[in-house]
(Lines give C-alpha, C1' and ligand atoms only; values in the text may rest on other atoms or scores of the structure.)
Protein backbone atom coordinates (compact mmCIF):
# COMPACT_ATOMS: atom_id res chain seq x y z
CA UNK A 1 0.00 0.00 0.00
CA UNK A 2 1.14 3.54 -0.78
CA UNK A 3 0.38 5.95 2.07
CA UNK A 4 0.86 9.71 2.14
CA UNK A 5 1.30 10.93 5.70
CA UNK A 6 0.39 14.57 6.28
CA UNK A 7 2.76 14.99 9.12
CA UNK A 8 3.11 17.87 11.62
CA UNK A 9 6.21 19.53 13.04
CA UNK A 10 8.71 17.98 10.66
CA UNK A 11 11.54 20.34 11.59
CA UNK A 12 10.85 19.97 15.29
CA UNK A 13 11.03 16.21 15.10
CA UNK A 14 14.23 16.34 13.10
CA UNK A 15 15.81 18.29 15.97
CA UNK A 16 13.86 17.11 18.99
CA UNK A 17 11.97 13.80 19.18
CA UNK A 18 9.88 15.15 22.06
CA UNK A 19 8.20 17.73 19.79
CA UNK A 20 4.67 16.70 20.74
CA UNK A 21 2.29 13.78 21.09
CA UNK A 22 0.87 13.78 17.59
CA UNK A 23 4.35 14.10 16.08
CA UNK A 24 5.60 11.13 18.08
CA UNK A 25 2.57 9.02 17.18
CA UNK A 26 2.85 9.91 13.49
CA UNK A 27 6.56 9.06 13.45
CA UNK A 28 5.98 5.72 15.18
CA UNK A 29 3.23 4.86 12.71
CA UNK A 30 5.44 5.77 9.76
CA UNK A 31 8.21 3.51 11.07
CA UNK A 32 5.74 0.66 11.52
CA UNK A 33 4.33 1.05 8.00
CA UNK A 34 7.83 1.04 6.52
CA UNK A 35 8.79 -2.02 8.54
CA UNK A 36 5.72 -3.80 7.19
CA UNK A 37 6.82 -3.16 3.60
CA UNK A 38 4.46 -0.31 2.71
CA UNK A 39 5.56 2.75 0.74
CA UNK A 40 5.25 5.99 2.70
CA UNK A 41 5.90 9.61 1.81
CA UNK A 42 5.67 12.62 4.12
CA UNK A 43 3.78 15.76 3.17
CA UNK A 44 4.65 18.15 6.02
CA UNK A 45 1.84 20.70 5.71
CA UNK A 46 1.91 23.59 6.63
CA UNK A 47 5.71 23.74 6.18
CA UNK A 48 6.42 25.84 3.09
CA UNK A 49 8.68 23.52 1.11
CA UNK A 50 9.55 24.12 -2.53
CA UNK A 51 11.50 22.54 -5.36
CA UNK A 52 12.63 18.90 -5.25
CA UNK A 53 11.63 16.25 -2.68
CA UNK A 54 13.92 15.97 0.33
CA UNK A 55 14.70 12.84 2.32
CA UNK A 56 13.75 12.26 5.96
CA UNK A 57 15.91 9.95 8.04
CA UNK A 58 14.01 7.78 10.50
CA UNK A 59 15.45 6.61 13.80
CA UNK A 60 15.50 3.04 12.44
CA UNK A 61 17.79 4.12 9.60
CA UNK A 62 15.06 4.11 6.94
CA UNK A 63 14.78 7.10 4.65
CA UNK A 64 11.65 8.29 2.94
CA UNK A 65 10.73 11.20 0.66
CA UNK A 66 9.44 14.51 1.99
CA UNK A 67 7.33 16.02 -0.77
CA UNK A 68 7.24 19.77 -1.49
CA UNK A 69 4.08 21.39 -0.15
CA UNK A 70 4.04 24.42 -2.46
CA UNK A 71 4.41 24.93 -6.20
CA UNK A 72 3.51 27.56 -8.76
CA UNK A 73 1.03 26.21 -11.34
CA UNK A 74 2.16 26.06 -14.94
CA UNK A 75 0.11 27.52 -17.76
CA UNK A 76 -1.86 24.29 -18.20
CA UNK A 77 -3.12 24.24 -14.61
CA UNK A 78 -3.14 27.95 -13.75
CA UNK A 79 -6.77 28.77 -14.56
CA UNK A 80 -8.24 25.81 -12.67
CA UNK A 81 -5.92 26.32 -9.70
CA UNK A 82 -6.83 30.03 -9.57
CA UNK A 83 -10.56 29.23 -9.42
CA UNK A 84 -10.01 26.76 -6.61
CA UNK A 85 -7.71 29.10 -4.71
CA UNK A 86 -10.30 31.87 -4.92
CA UNK A 87 -12.91 29.62 -3.31
CA UNK A 88 -10.53 28.78 -0.48
CA UNK A 89 -9.45 32.40 0.01
CA UNK A 90 -13.07 33.49 0.37
CA UNK A 91 -13.45 31.12 3.31
CA UNK A 92 -10.21 31.81 5.19
CA UNK A 93 -10.09 35.61 4.80
CA UNK A 94 -6.43 36.10 5.64
CA UNK A 95 -3.61 38.18 4.20
CA UNK A 96 -2.34 36.75 0.93
CA UNK A 97 -4.97 34.00 1.29
CA UNK A 98 -5.37 33.63 -2.47
CA UNK A 99 -1.64 33.27 -3.17
CA UNK A 100 -1.02 30.88 -0.27
CA UNK A 101 -4.00 28.74 -1.29
CA UNK A 102 -2.88 28.71 -4.93
CA UNK A 103 0.60 27.48 -4.02
CA UNK A 104 -0.66 24.84 -1.57
CA UNK A 105 -3.26 23.51 -4.02
CA UNK A 106 -0.68 23.09 -6.75
CA UNK A 107 1.83 21.60 -4.33
CA UNK A 108 -0.64 18.98 -3.17
CA UNK A 109 -1.78 18.24 -6.74
CA UNK A 110 1.81 17.54 -7.76
CA UNK A 111 2.51 15.47 -4.65
CA UNK A 112 -0.45 13.24 -5.41
CA UNK A 113 0.51 12.97 -9.08
CA UNK A 114 4.13 12.10 -8.30
CA UNK A 115 3.58 9.68 -5.40
CA UNK A 116 0.14 8.31 -6.40
CA UNK A 117 -0.92 7.21 -2.91
CA UNK A 118 -3.69 4.72 -2.28
CA UNK A 119 -4.72 6.65 0.81
CA UNK A 120 -3.88 9.85 2.67
CA UNK A 121 -3.55 9.90 6.46
CA UNK A 122 -3.64 13.40 7.92
CA UNK A 123 -2.44 14.18 11.44
CA UNK A 124 -2.80 17.93 10.99
CA UNK A 125 -5.86 19.83 12.27
CA UNK A 126 -5.16 23.26 10.72
CA UNK A 127 -8.48 24.35 9.21
CA UNK A 128 -6.90 25.39 5.90
CA UNK A 129 -5.91 21.81 5.10
CA UNK A 130 -9.38 20.29 4.56
CA UNK A 131 -10.28 23.27 2.38
CA UNK A 132 -7.20 22.58 0.25
CA UNK A 133 -7.99 18.86 0.12
CA UNK A 134 -11.50 19.57 -1.15
CA UNK A 135 -10.11 21.49 -4.10
CA UNK A 136 -7.69 18.85 -5.37
CA UNK A 137 -9.37 16.83 -8.15
CA UNK A 138 -9.41 13.05 -8.04
CA UNK A 139 -7.80 12.82 -4.64
CA UNK A 140 -7.68 9.45 -2.86
CA UNK A 141 -9.54 8.70 0.37
CA UNK A 142 -8.40 10.71 3.39
CA UNK A 143 -8.28 9.45 6.98
CA UNK A 144 -7.88 12.10 9.67
CA UNK A 145 -6.59 11.42 13.18
CA UNK A 146 -8.14 13.98 15.54
CA UNK A 147 -5.44 14.54 18.14
CA UNK A 148 -6.61 17.62 20.04
CA UNK A 149 -9.28 18.46 22.59
CA UNK A 150 -11.00 20.98 20.31
CA UNK A 151 -13.96 20.05 18.05
CA UNK A 152 -12.20 20.87 14.78
CA UNK A 153 -13.53 22.22 11.48
CA UNK A 154 -14.61 20.85 8.10
CA UNK A 155 -14.60 17.24 9.31
CA UNK A 156 -16.99 16.29 6.51
CA UNK A 157 -13.96 16.48 4.17
CA UNK A 158 -12.64 13.18 5.49
CA UNK A 159 -13.83 9.68 4.67
CA UNK A 160 -13.04 8.62 8.23
CA UNK A 161 -12.09 10.38 11.45
CA UNK A 162 -9.98 8.58 14.06
CA UNK A 163 -10.19 9.76 17.66
CA UNK A 164 -7.53 9.10 20.27
CA UNK A 165 -10.07 8.58 23.07
CA UNK A 166 -13.74 7.72 23.54
CA UNK A 167 -14.32 10.93 25.47
CA UNK A 168 -13.04 12.97 22.52
CA UNK A 169 -15.17 10.96 20.09
CA UNK A 170 -18.28 11.58 22.20
CA UNK A 171 -17.58 15.31 22.52
CA UNK A 172 -16.86 15.97 18.84
CA UNK A 173 -19.71 13.86 17.48
CA UNK A 174 -22.16 15.56 19.84
CA UNK A 175 -20.94 19.11 19.13
CA UNK A 176 -20.50 18.84 15.34
CA UNK A 177 -23.09 16.30 14.27
CA UNK A 178 -20.41 14.06 12.78
CA UNK A 179 -21.86 10.58 12.24
CA UNK A 180 -20.30 7.99 14.53
CA UNK A 181 -20.39 5.43 11.70
CA UNK A 182 -17.59 7.44 10.05
CA UNK A 183 -15.44 7.42 13.18
CA UNK A 184 -13.45 5.05 15.36
CA UNK A 185 -11.10 5.16 18.35
CA UNK A 186 -7.46 4.13 18.03
CA UNK A 187 -5.44 4.68 21.19
CA UNK A 188 -1.90 6.00 20.91
CA UNK A 189 1.23 3.85 21.03
CA UNK A 190 4.24 4.59 23.17
CA UNK A 191 7.90 4.00 22.46
CA UNK A 192 9.16 0.48 23.13
CA UNK A 193 11.63 1.87 25.66
CA UNK A 194 8.73 2.42 28.08
CA UNK A 195 7.45 -1.13 27.62
CA UNK A 196 10.60 -3.05 28.47
CA UNK A 197 12.36 -1.54 31.47
CA UNK A 198 12.00 -3.17 34.92
CA UNK A 199 9.79 -1.29 37.38
CA UNK A 200 11.52 0.80 40.02
CA UNK A 201 10.22 -0.10 43.51
CA UNK A 202 8.44 2.53 45.58
CA UNK A 203 11.28 2.74 48.08
CA UNK A 204 13.66 3.94 45.33
CA UNK A 205 11.36 6.63 43.93
CA UNK A 206 11.38 10.29 44.83
CA UNK A 207 9.73 13.42 43.50
CA UNK A 208 7.15 14.45 40.95
CA UNK A 209 7.53 14.83 37.18
CA UNK A 210 5.87 17.08 34.62
CA UNK A 211 6.25 16.33 30.88
CA UNK A 212 5.30 18.76 28.13
CA UNK A 213 5.70 22.26 26.80
CA UNK A 214 6.21 24.98 29.38
CA UNK A 215 3.10 26.80 28.20
CA UNK A 216 -0.13 28.09 29.67
CA UNK A 217 -2.14 25.35 27.93
CA UNK A 218 -0.21 22.66 29.79
CA UNK A 219 -0.96 24.26 33.17
CA UNK A 220 2.62 24.31 34.45
CA UNK A 221 1.89 27.64 36.15
CA UNK A 222 -0.79 25.90 38.23
CA UNK A 223 1.76 23.29 39.26
CA UNK A 224 4.32 25.81 40.46
CA UNK A 225 1.58 27.74 42.27
CA UNK A 226 0.51 24.52 44.01
CA UNK A 227 4.09 24.02 45.20
CA UNK A 228 4.19 27.58 46.50
CA UNK A 229 0.88 27.18 48.36
CA UNK A 230 1.74 23.89 50.04
CA UNK A 231 5.14 23.67 51.79
CA UNK A 232 4.64 19.91 52.19
CA UNK A 233 4.85 19.46 48.42
CA UNK A 234 8.20 21.23 48.33
CA UNK A 235 9.67 18.17 50.07
CA UNK A 236 9.16 16.31 46.77
CA UNK A 237 11.52 17.54 43.99
CA UNK A 238 9.60 18.65 40.91
CA UNK A 239 11.21 17.73 37.58
CA UNK A 240 9.94 19.82 34.65
CA UNK A 241 10.72 17.90 31.45
CA UNK A 242 10.26 20.17 28.46
CA UNK A 243 10.82 23.66 27.15
CA UNK A 244 8.61 26.48 26.01
CA UNK A 245 7.67 30.11 25.82
CA UNK A 246 7.28 30.59 29.59
CA UNK A 247 10.50 28.94 30.74
CA UNK A 248 12.29 32.11 31.79
CA UNK A 249 9.24 33.42 33.65
CA UNK A 250 8.78 30.08 35.41
CA UNK A 251 12.44 29.89 36.43
CA UNK A 252 12.22 33.34 37.98
CA UNK A 253 9.03 32.38 39.83
CA UNK A 254 10.59 29.19 41.20
CA UNK A 255 13.72 31.03 42.35
CA UNK A 256 11.73 33.87 43.91
CA UNK A 257 9.66 31.47 46.02
CA UNK A 258 12.41 28.96 46.79
CA UNK A 259 10.65 26.09 45.07
CA UNK A 260 12.28 22.66 44.82
CA UNK A 261 12.16 22.57 41.01
CA UNK A 262 14.60 21.06 38.50
CA UNK A 263 14.28 22.33 34.92
CA UNK A 264 15.30 19.24 32.94
CA UNK A 265 14.79 20.76 29.48
CA UNK A 266 14.18 18.59 26.44
CA UNK A 267 15.02 14.96 27.01
CA UNK A 268 15.65 11.94 24.85
CA UNK A 269 13.32 8.96 25.16
CA UNK A 270 15.82 7.13 27.37
CA UNK A 271 16.32 10.16 29.61
CA UNK A 272 12.60 10.73 29.98
CA UNK A 273 11.99 7.08 30.82
CA UNK A 274 14.57 7.34 33.61
CA UNK A 275 12.86 10.41 35.12
CA UNK A 276 9.37 8.87 34.94
CA UNK A 277 10.50 5.50 36.29
CA UNK A 278 12.07 7.13 39.37
CA UNK A 279 9.21 9.53 40.12
CA UNK A 280 6.40 8.97 42.58
CA UNK A 281 3.87 10.58 40.24
CA UNK A 282 3.46 12.43 36.97
CA UNK A 283 1.47 15.67 37.27
CA UNK A 284 0.29 17.28 34.01
CA UNK A 285 -2.47 19.77 34.95
CA UNK A 286 -3.45 20.66 31.37
CA UNK A 287 -6.09 23.21 30.48
CA UNK A 288 -6.82 21.40 27.21
CA UNK A 289 -5.75 17.94 26.06
CA UNK A 290 -6.76 15.30 23.55
CA UNK A 291 -5.13 12.20 25.00
CA UNK A 292 -1.74 12.77 26.59
CA UNK A 293 1.00 10.37 25.52
CA UNK A 294 3.06 11.50 28.52
CA UNK A 295 0.40 10.03 30.83
CA UNK A 296 0.58 6.72 28.97
CA UNK A 297 4.39 6.67 29.18
CA UNK A 298 4.23 7.31 32.92
CA UNK A 299 1.71 4.53 33.49
CA UNK A 300 3.92 2.10 31.57
CA UNK A 301 6.64 2.96 34.09
CA UNK A 302 4.25 2.14 36.95
CA UNK A 303 3.94 5.83 37.82
CA UNK A 304 0.43 7.03 38.76
CA UNK A 305 -0.76 10.30 37.23
CA UNK A 306 -2.59 13.52 37.91
CA UNK A 307 -3.85 14.72 34.57
CA UNK A 308 -6.54 15.51 32.05
CA UNK A 309 -9.72 14.46 33.80
CA UNK A 310 -11.47 12.79 30.88
CA UNK A 311 -8.40 10.67 30.09
CA UNK A 312 -7.72 9.58 33.67
CA UNK A 313 -11.36 8.56 34.12
CA UNK A 314 -11.50 6.74 30.78
CA UNK A 315 -8.41 4.67 31.54
CA UNK A 316 -9.62 3.85 35.07
CA UNK A 317 -12.99 2.69 33.76
CA UNK A 318 -11.43 0.67 30.93
CA UNK A 319 -8.96 -1.14 33.20
CA UNK A 320 -11.28 -1.21 36.22
CA UNK A 321 -8.47 0.07 38.41
CA UNK A 322 -7.42 3.57 39.54
CA UNK A 323 -4.57 5.08 37.52
CA UNK A 324 -4.25 8.31 39.50
CA UNK A 325 -6.38 11.40 40.01
CA UNK A 326 -8.32 13.47 37.45
CA UNK A 327 -7.70 17.20 37.18
CA UNK A 328 -9.16 19.88 34.89
CA UNK A 329 -6.96 22.95 34.60
CA UNK A 330 -9.84 24.97 33.13
CA UNK A 331 -12.06 24.81 36.21
CA UNK A 332 -9.86 23.80 39.15
CA UNK A 333 -7.37 25.95 41.07
CA UNK A 334 -3.77 25.64 42.20
CA UNK A 335 -5.10 24.95 45.68
CA UNK A 336 -7.21 22.10 44.32
CA UNK A 337 -4.14 20.75 42.56
CA UNK A 338 -2.07 20.82 45.74
CA UNK A 339 -4.74 18.78 47.52
CA UNK A 340 -4.93 16.27 44.66
CA UNK A 341 -1.14 15.79 44.50
CA UNK A 342 -0.81 15.41 48.23
CA UNK A 343 -3.60 12.82 48.27
CA UNK A 344 -2.02 10.83 45.43
CA UNK A 345 1.42 10.81 47.06
CA UNK A 346 0.00 9.39 50.28
CA UNK A 347 -2.56 7.06 48.71
CA UNK A 348 -2.71 3.37 47.75
CA UNK A 349 -1.43 3.99 44.20
CA UNK A 350 2.07 4.34 45.67
CA UNK A 351 2.28 0.64 46.53
CA UNK A 352 4.40 -1.68 44.40
CA UNK A 353 1.35 -3.85 43.70
CA UNK A 354 -0.65 -0.91 42.36
CA UNK A 355 2.29 0.19 40.23
CA UNK A 356 2.66 -3.28 38.75
CA UNK A 357 -1.04 -3.39 37.87
CA UNK A 358 -1.14 -0.10 35.95
CA UNK A 359 2.17 -0.84 34.22
CA UNK A 360 0.89 -4.22 33.01
CA UNK A 361 -2.24 -2.63 31.52
CA UNK A 362 -0.28 0.15 29.80
CA UNK A 363 2.37 -2.17 28.40
CA UNK A 364 -0.28 -4.50 27.00
CA UNK A 365 -2.50 -1.87 25.41
CA UNK A 366 -0.19 0.82 24.02
CA UNK A 367 2.17 -1.12 21.76
CA UNK A 368 3.19 0.10 18.33
CA UNK A 369 2.16 -3.23 16.82
CA UNK A 370 -1.42 -2.79 18.04
CA UNK A 371 -1.53 0.84 16.85
CA UNK A 372 -0.07 0.06 13.44
CA UNK A 373 -2.31 -2.93 12.78
CA UNK A 374 -5.45 -1.02 13.78
CA UNK A 375 -4.56 1.79 11.37
CA UNK A 376 -3.80 -0.63 8.54
CA UNK A 377 -7.10 -2.40 9.13
CA UNK A 378 -8.85 0.94 8.98
CA UNK A 379 -7.12 1.88 5.70
CA UNK A 380 -8.36 -1.36 4.12
CA UNK A 381 -11.90 -0.77 5.36
CA UNK A 382 -11.96 2.79 4.01
CA UNK A 383 -10.63 1.67 0.61
CA UNK A 384 -13.16 -1.17 0.43
CA UNK A 385 -15.97 1.22 1.34
CA UNK A 386 -14.93 3.69 -1.36
CA UNK A 387 -14.57 0.94 -3.96
CA UNK A 388 -18.06 -0.28 -3.14
CA UNK A 389 -19.52 3.16 -3.66
Of the residues in the range 215-246 that are modelled with pLDDT under 95 and in contact with a strand residue (DSSP E or B) (Cβ under 7 Å, 6 or more places away or on another chain), the one that is nearest to residue 270 (Cα to Cα) is 242
What do you reckon, is residue 208 surrounded by 15 or more Cβ atoms within 10 Å (Cβ to Cβ), outside the structural domain of residue 331 (by TED's automatic domain parsing) and at negative phi? no
Margin query: I'd like to know if the range 20-30 contains one or more residues that are out of contact with any strand residue (DSSP E or B) (no Cβ under 7 Å at 6 or more places or on another chain), buried (at least 16 other Cβ atoms within 10 Å of the Cβ), at pLDDT below 90 and not in a helix (DSSP H, G or I).
Written below: yes
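Restricting the range 203-214 to residues that are at pLDDT below 95 and touching a helix residue (DSSP H, G or I) at 6+ places or on another chain (Cβ under 7 Å), which is nearest to residue 385 (Cα to Cα)?
212
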If we take the range 202-302, then helices (runs of 4 or more DSSP H) inside it with 3 or more residues that are touching a residue at least 24 places away in the same chain (Cβ under 8 Å) and closer than 28 Å to residue 362 by Cβ are 220-229, 269-278, 293-300
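The values are calculated or read from the model by the stated rules, or taken from the named source; none is laboratory data. Quick caveat, the model's predicted, so the values are computed rather than measured. Counting neighbours? That spans all protein chains shown, and the Cβs are built from the backbone with ideal geometry, glycine included.
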